[in-house]
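Written out below as structure tokens is the structure these notes cover.
The values are calculated or read from the model by the stated rules, or taken from the named source; none is laboratory data. Just so it is clear, the model here is predicted, and its values are computed rather than measured. Cβ placement follows ideal geometry from the backbone for every residue including glycine, while neighbour counts extend to all protein chains displayed. In case anyone asks, the SASA skips ligands and DNA or RNA and just uses the protein heavy atoms, side chains included. Shrake-Rupley method; radii C 1.70, N 1.55, O 1.52, S 1.80 Å.
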Amino acid sequence: MKSTKIYAVFEIIIILTLLFILDLNRKYFGYIYIYPNPYFIFSIFIAIRYGINFSLFTGGLSAIYIFLSIFFNVKEDFFKIIISWDVLKVPLFIFAFGFIIGFFRDMYVQKIDSQKEEIDLLKEKIKSLEEDIRKYKNITDDLEHKLVLEKQGVSLLVEKLKDIEYNSSEDIFNETIDLISEFIYAKTVSIYTLGKNNFLRLKVRKGSQFLPNSFPMEKSIVISMAKEFGSANANVLYLTEMEYDFEYEPAMAVSVKHNEEILGFIIVEIIDPEKINKNTEIYLKILANWLSTLLLASSDLTENENMIFKPMEKFNSILDKIEERKERFKIPYSVIIAEYNNDISIDILKSFIRDTDFLFLDEEKKEFRIILTSCSEKGLKRVLNIISKYSGIKILEAYSKNENE
């Protein structure tokens, strides 16, 4: 707007000056005897284009140039000539017509601007109403979904229970994450196990990633509160004066525990804000209790997460479950197959894995296999670097299966 005003001033000055120079060269005496008067025509144009203020500026500058032209041509009779009607009518008409046209032009522009503002306000109201409609629709859908689940919840759980293999922890995790998503309509849900030194490690995730695959629990206020009180949501961040890192704060978290021992957490990483409420927390608590019961019923979890499978035949069945999880939830994994000699103890082999990994051992063939869950090629390289420090271990095969493979 400011640049437009500057441009208009320059335009008026330049054109009027050119008219004035032409007037002096041809001795037109301010164009007072030329019809229509060029100054008059130009002032009308300015009034229509820029409004009353610039038309008055044009009229004033035109009057000055008219009087200067007469002065330079007839200095001795200057005052006698300028008070005549033939001379005075020109600047008067320029001012009068410029004022009238500029006035109506400004009224027209103001009306357009006023209507524009009303349109913008209505657009904002429409956006606000659309947002309210979206929120109410989400709430309505959520309530409708909960009513359906309350009627069919038991049968739905029974159907899911029929499909789960109790001796497979991987099947339990995979089916649980599907059921949770089905219950609460979350965009991203994950299950983390709690390992040594309060370190969280991803077991399974459904949806786009928000949280890191592994991190210390104390990094997250929401998860730390869930450990203490059983459940927590992002609203607690507004009630605490502690500093927090948004990167580690999920929308909701519920602890999975048995006899006060925390096994892990069901974490809702991303969900619509309207669904962060007590009802959703209650559903998550029910599912967390169900998950802990299934995990304890699983025979291969009774040895806790650091498992050694002496029969190598179990490697393929577990690997199939991990591959299925990768296909369904886009979680990468890595595999290491190696031979070892008598200098390598079981404790050394166990040091290569995390709480969520799997170690398979064949003591007769002196061979071991490792499945590194939630592990990309970068993580595999780190483990291989550690193993390379032991001369009694020979790597036979090592590979990673990433989410896009």
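Hey, does region 332-347 have a residue that's open to solvent by 10 Å² or more (accessible area, probe 1.4 Å) and closer than 27 Å to GLY207 by Cβ? Yes: one or more hits. The requirement of being closer than 29 Å to THR176 by Cα, in a helix (DSSP H, G or I), of a type in the set (Asp, Glu) and in contact (Cβ under 8 Å) with a residue 24 or more places away in the chain is not satisfied by GLU327. The set of residues in region 362-405 being assigned to a strand (DSSP E or B) and either crowded, with 19+ Cβ neighbours inside 10 Å or touching a Pro at 6+ places or on another chain (Cβ under 7 Å) (or both) consists of PHE368, ARG369, ILE370, ILE371, LEU372, THR373, ILE393, SER400, LYS401. Restricted to region 31-89, the set of helices (runs of 4 or more DSSP H) holding at least 1 residues that are touching a Lys or Arg at 6+ places or on another chain (Cβ under 9 Å) and of a type in the set (Lys, Arg) comprises 38-50. Looking across region 191-217 at every residue that is open to solvent by 50 Å² or more (accessible area, probe 1.4 Å) and part of a strand (DSSP E or B), the one that is farthest from ILE172 (Cα to Cα) is identified as PHE199.
Which of the residues belonging to region 18-65 are aliphatic (A, V, I, L, M) and in contact with a Pro (Cβ under 6 Å, 6 or more places away or on another chain)?
Scanning region 18-65 gives LEU19, ALA63.
Residues that are within 20 Å of the chain's Cα centre (by Cα) and over 21 Å from ASP272 (Cα atoms) are absent from region 217-224 altogether. Exactly one residue out of TYR39, TYR33 is open to solvent by 90 Å² or more (accessible area, probe 1.4 Å) and touching a residue at least 40 places away in the same chain (Cβ under 8 Å), and it is TYR33.
For ASN304, state whether it is at pLDDT below 75 and open to solvent by 80 Å² or more (accessible area, probe 1.4 Å). Yes; evaluated as a whole, the condition is true for this residue. In this structure, VAL268 does not qualify as touching a residue at least 60 places away in the same chain (Cβ under 8 Å), buried (at least 20 other Cβ atoms within 10 Å of the Cβ) and more than 16 Å from SER181 (Cα to Cα). Filter region 309-338 for residues that are modelled with pLDDT under 80 and touching a helix residue (DSSP H, G or I) at 6+ places or on another chain (Cβ under 9 Å) and give the result. The answer is PHE309, ARG325, ARG328, PHE329, ILE331. Among all residues of region 148-169, there is at least one that is under 30 Å from GLY379 (Cα atoms), open to solvent by less than 70 Å² (accessible area, probe 1.4 Å) and modelled with pLDDT under 70. A search for C-beta distances below 7 Å between a residue of region 73-91 that is surrounded by fewer than 13 Cβ atoms within 10 Å (Cβ to Cβ) and any residue that is modelled with pLDDT of 75 or more and not polar (S, T, N, Q), counting only pairs 6+ apart in sequence or on different chains, returns ASP86/ILE32.
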